[in-house]
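A short worksheet on the structure shown next.
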Amino acid sequence: MQNHKTICERIMRLAGRIRAEAIITSVNSSLTRFADNVISQNVSNASTEISVRVLENGRVTRFSLNQPSESALKTAFAAALAALRTQKKDPRLMPLPEPGPSIESTKLYFHGTAAMPPKDRAARVAAVIKKCRKAGAVAYGAYETGSTAVTVANSLGVRAFHKESSAVYSVTVRDKDGFGWAEAPAFDAGEIDFDRLDRTAMEKARLSRAPRSIKPGPYTVILEPAAAADLLFYLGFYGFGAQFYQEGQSFVSGKLGRKVMSPEITLEDDALGGLSAGMPFDYEGLPRQKVTLIESGVARAVAHDRKTAARAGTRTTGHALPPPNTYGPVPINLSLAKGSVSLKEMIRNTERGILVTNFHYTNLLKPLTVEITGMTRNGTFMIKNGRIAYPVRNMRFTESAVEAFNRIEAVGDKQEAFIQWGRVAAPALKIRGFNFSSSTEF
């Protein structure tokens, strides 16, 4: 990984009296992929991306490069300064932020995970392949490990640095015409329960054999945490960004302080702790705040950067994204508070419904109501009289997440973490009247 401090010193020295802001991101990633019960790919990648904004007298320009050498930066700065003189003044341009307390986090970094050798990933993959071969099943998936380092700095003295390691183990098992899946991310690979994930994927695949077709329509649905996390991502991104709110494009626009969904729902954005933890500052180098977005069904707040906060007459919550972006600030460390009902209890208390392992190919249809379409995958089951009766063919759903979260009947008692654009911590959810629009053979 490149020395971020050295790169920052070069950038600020080349900027001279002109004000500059730098975002440096270094990623080391190693991936072992497997398919048809053999390892099919083993790759590693290391990169450093540098994004620099240059500001002077109400004008701004930006450049990016992946070469941190002195000569590459000099060339880029020369072009940027020439371009800066041609820019029109922007009366709404925000000045660079002043430095606050020093922000640095190392609690999410584990060297053994960041520098895991290929043989360790291969050994883990070999274990699930051996199990599947013995059971007459076939394993597919990937085991990825690595690390990310981010620095945000500016010529006024902001210096924020974050480093984290990561591991993601994902396994899909095919057993004849049945499929099962399980996945878990962790900052420390040692915290992943690989055997549990293998068992889950293999058992789901076995139970999914010979699926039946059922009629589309509204059903009571039990979403396992992975499926719930998919809906939460869209709900958080399009519902609780201050720019969307101020433009009237959010379902909570004008509704802060009012009930917007089931009282079973309390949703936070929390980068500072728990399963959704992440970088403790935003891409302006300012501290992230824990924000309660929904409290017992009542809309409480949206995520701000300095620009939207200035419009609202409030303070930033530390949710600025890297420039340029058209979304404004959005929450990317979502955590849905767990309830008091276990997944087994949800199933036992359901007379007729559908259990969903996860969704895929989800897409947004209508931002204002967060209407989403997608398909079930890797284990979809009919529930009758409190028991799983039989597997069903995958179904397409078309549903408003806002309306669905108003029909919550129960919230699971355990959270699980998933990687979306950021991190989402979600429990299982039981929702009545969930709309399945068609059946599919996939």
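The values are calculated or read from the model by the stated rules, or taken from the named source; none is laboratory data. These numbers were taken from a predicted model, which means no experiment stands behind them. Neighbour counts are summed over all protein chains in view; Cβ atoms, including those assigned to glycine, are modelled from backbone coordinates with ideal geometry.
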Open item on the list: Given the criterion modelled with pLDDT under 95 and either assigned by TED's automatic domain parsing to the domain that holds residue 389 or not small (Gly, Ala, Ser) (or both), identify the matching residue among 241, 236, 273.
Closed with: 273
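Restrict the check to the stretch 328-343 and report whether at least one residue is among the basic types (Lys, Arg), under 28 Å from residue 172 (Cβ atoms) and part of a loop (DSSP other than H, G, I, E, B).
First, the residues of the stretch 328-343 that are among the basic types (Lys, Arg): 338.
If we keep only those that are under 28 Å from residue 172 (Cβ atoms) as well, we get 338.
With part of a loop (DSSP other than H, G, I, E, B) added as a condition, the list becomes 338.
Among the residues of the stretch 328-343, at least one is among the basic types (Lys, Arg), under 28 Å from residue 172 (Cβ atoms) and part of a loop (DSSP other than H, G, I, E, B), which makes the answer yes.
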Open item on the list: Going residue by residue through the stretch 64-86, is there one that turns out to be assigned to a strand (DSSP E or B), within 29 Å of residue 158 (Cβ to Cβ), free of Cβ contacts under 8 Å to residues at least 40 places away in the same chain and out of contact with any Pro (no Cβ under 8 Å at 6 or more places or on another chain)?
Closed with: yes
TODO: Using the structure shown, decide if residue 297 is over 30 Å from residue 204 (Cβ atoms) and of a type outside the set (Asp, Glu).
DONE: yes
Task: Hits in the stretch 312-366 - residues which are polar (S, T, N, Q), crowded, with 21+ Cβ neighbours inside 10 Å and within 25 Å of the chain's Cα centre (by Cα) - done: 316, 317, 333, 335, 357, 358
TODO: Of all residues in the stretch 267-294, count the ones that are surrounded by fewer than 21 Cβ atoms within 10 Å (Cβ to Cβ), without any contact (Cβ under 8 Å) to a residue 40 or more places away in the chain and touching an Asp or Glu at 6+ places or on another chain (Cβ under 9 Å).
DONE: 3
Open item on the list: Please go through (1) farther than 21 Å from residue 269 by Cβ; (2) touching a strand residue (DSSP E or B) at 6+ places or on another chain (Cβ under 6 Å) for residue 403 and return the number of the only condition it doesn't satisfy.
Closed with: (2)
Task: Failed item in (1) touching a Lys or Arg at 6+ places or on another chain (Cβ under 7 Å); (2) surrounded by 18 or more Cβ atoms within 10 Å (Cβ to Cβ); (3) of a type in the set (Ser, Thr, Tyr), with residue 380 passing the rest - done: (1)
Task: Among the candidates 140, 109, 169, residue that is at negative phi, surrounded by 22 or more Cβ atoms within 10 Å (Cβ to Cβ) and in contact (Cβ under 8 Å) with a residue 12 or more places away in the chain - done: 169
- [ ] Restrict the check to the stretch 227-245 and report whether at least one residue is outside any helix (DSSP H, G or I) and farther than 25 Å from residue 337 by Cα.
- [x] no
Open item on the list: Among the residues of the stretch 400-423, are any buried (at least 20 other Cβ atoms within 10 Å of the Cβ), assigned to a helix (DSSP H, G or I), small (Gly, Ala, Ser) and in contact with a Leu (Cβ under 8 Å, 6 or more places away or on another chain)?
Closed with: yes
Open item on the list: List pairs: first residue in the stretch 369-394 and outside the structural domain of residue 347 (by TED's automatic domain parsing), second residue not in a strand (DSSP E or B) anywhere in the structure, Cβ distance under 6 angstrom, at least six positions apart or on different chains.
Closed with: none
TODO: Please specify each residue of the stretch 75-119 satisfying the condition of being modelled with pLDDT under 95 and basic (Lys, Arg).
DONE: 85, 88, 89, 92, 107
